[in-house]
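The values are calculated or read from the model by the stated rules, or taken from the named source; none is laboratory data. Small disclaimer: the values here were computed from a predicted structure and weren't measured. Here the Cβ positions follow ideal geometry from the backbone for every residue, glycine too, while neighbour counts run over all protein chains shown.
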Amino acid sequence: MEVSSLTKMLIMLVLVLASFTTLSLGQDNWCGKQGTRVGFYKATCPKVEHIVRKTVIGYAKNDPTVAPGLLNMFFHDCFVNGCDASILLDGPSTELTAPPNSHLRHIYKVIGIAKLMLERSCRGVVSCADILALAARDSVVLTGGRSWKVPLGRRDGLVSRASDTANLPSFTDSITVQIKKFADKGLNTQDLVTLVGGHTIGTTGCASVNYRLYNFNNTNQPDPDINQAFLPQLRALCPNGGDGLRRVALDTGSNDSFDNSYYENLKNERGVLESDAMLWKDQRTHKFVKVFLGTGEKPRLRFNKEFGRAMVKMGNIEVKTGSHGEIRKLCGRTNSELH
Ligand SMILES: *[C@@H]1O[C@H](CO)[C@@H](O)[C@H](O)[C@H]1NC(C)=O
Ligand SMILES: *[C@@H]1O[C@H](CO)[C@@H](O)[C@H](O)[C@H]1NC(C)=O
């Protein structure tokens, strides 16, 4: 009898262990490298995706800057101390106050409202970092891009410093510097060309373009790499000595649609930012632009599909999981600031 009950116990134990193994294998399929996974809130907040999407749609339909803003905000969050919603923290010298983020301040409210709704449904469960990751995906889909599954489980950071935004890619960065900044975050040159393709719905301030139009490299001439027919068009959008804050689309002719035309524009010397125009000029990046255009040596890659893949990779930069960070109650404040 004793032997038989021991056998039963052993069988039970094996079964329990087997089910654990199956569970963790099943999860591995969806696991980001850093421990994020699709379906993280399945039990604790099943409506999270629905609530975020509804909020994004509500704001984006009345304001064309919302979709590109949310995408840009996620990118700028991930590149500075990882995807931890540090960009959302408010204060006198936080990331949001730094010049590269000055055009994103009004985007904060979209995440803030989604958070309020989520706190009503599932209090203290969903991180602001995850809301931003979902909102960025929803923005792409809303403008015509292809959807992807967003691994979740990020926790919110406790630190946000304007000075840390210095490592963000800049419109004057050479290709060498751009490649290095992405490599520092574990992203390769193909990821770089793919993610910068988010400029298909982006805008920039004339202040980042004017030097190319009127006095490039102290020559009193425009940048010779701007298409001659495109130059007057850009100059009309950004008059000499005009308002540097005026926004100009990065994908001329198709700024409201998430598509391949940004790369077509690069090929036609209609890149607006100098850093974008360089993607076509430098062999290291040129070959990936051609692959997206279907004219490369390697088989064509579909931008819309690759973009989701690269976003999942970017969304895992230095994420905080487990006992790191916290789940903020308000996206603009750390929890200790609320006491
Ligand atoms: C800028 O001008 C300097 C010489 O004045 C030249 O060496 C350099 O290559 C120029 N840079 C570009 C991007 O044209
Ligand atoms: C984006 O394109 C639309 C037309 O499709 C145009 O009305 C709008 O002004 C453009 N936005 C920018 C910032 O250029």
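Candidates in the range 41-81 are the residues that are touching a Lys or Arg at 6+ places or on another chain (Cβ under 8 Å) and assigned to a helix (DSSP H, G or I); of these, the one that is farthest from Pro169 (Cα to Cα) is Tyr59. On the basis of being outside the structural domain of Asp77 (by TED's automatic domain parsing), over 19 Å from Asn101 (Cα atoms) and either more than 16 Å from ligand 1 (Cβ to nearest atom) or surrounded by fewer than 19 Cβ atoms within 10 Å (Cβ to Cβ) (or both), does Gly253 make the cut? When the stated conditions are applied, Gly253 passes them. Residues that are within 13 Å of ligand 2 (Cβ to nearest atom) and part of a loop (DSSP other than H, G, I, E, B) within the range 222-235 are absent altogether.
Go through the range 256-284 and report how many residues are out of contact with any strand residue (DSSP E or B) (no Cβ under 9 Å at 6 or more places or on another chain) and either free of Cβ contacts under 8 Å to residues at least 60 places away in the same chain or within 16 Å of ligand 1 (Cβ to nearest atom) (or both).
Going residue by residue through the range 256-284, those that are out of contact with any strand residue (DSSP E or B) (no Cβ under 9 Å at 6 or more places or on another chain) are 257-271, 274-284.
Now restrict to residues that are either free of Cβ contacts under 8 Å to residues at least 60 places away in the same chain or within 16 Å of ligand 1 (Cβ to nearest atom) (or both): 264-271, 274-283.
Here the count works out to 18.
Is it the case that the range 184-198 has a residue that's within 16 Å of ligand 1 (Cβ to nearest atom) and more than 30 Å from Lys61 (Cα to Cα)? Scanning the range 184-198, I find no residue that is within 16 Å of ligand 1 (Cβ to nearest atom) and more than 30 Å from Lys61 (Cα to Cα), so the answer is no. Screening the candidates Asn220, Asn304 for the property of being within 16 Å of ligand 1 (Cβ to nearest atom) and either more than 30 Å from His339 (Cα to Cα) or surrounded by fewer than 18 Cβ atoms within 10 Å (Cβ to Cβ) (or both) yields one hit, Asn220. For the range 214-225, the criterion of being among the hydroxyl-bearing types (Ser, Thr, Tyr) and closer than 30 Å to Pro92 by Cβ is satisfied by no residue at all.
For the range 180-221: of the residues being on the phi > 0 side of the Ramachandran plot and part of a helix (DSSP H, G or I), which is nearest to the chain's Cα centre (by Cα)?
Ranking the candidates gives Asn217 first.
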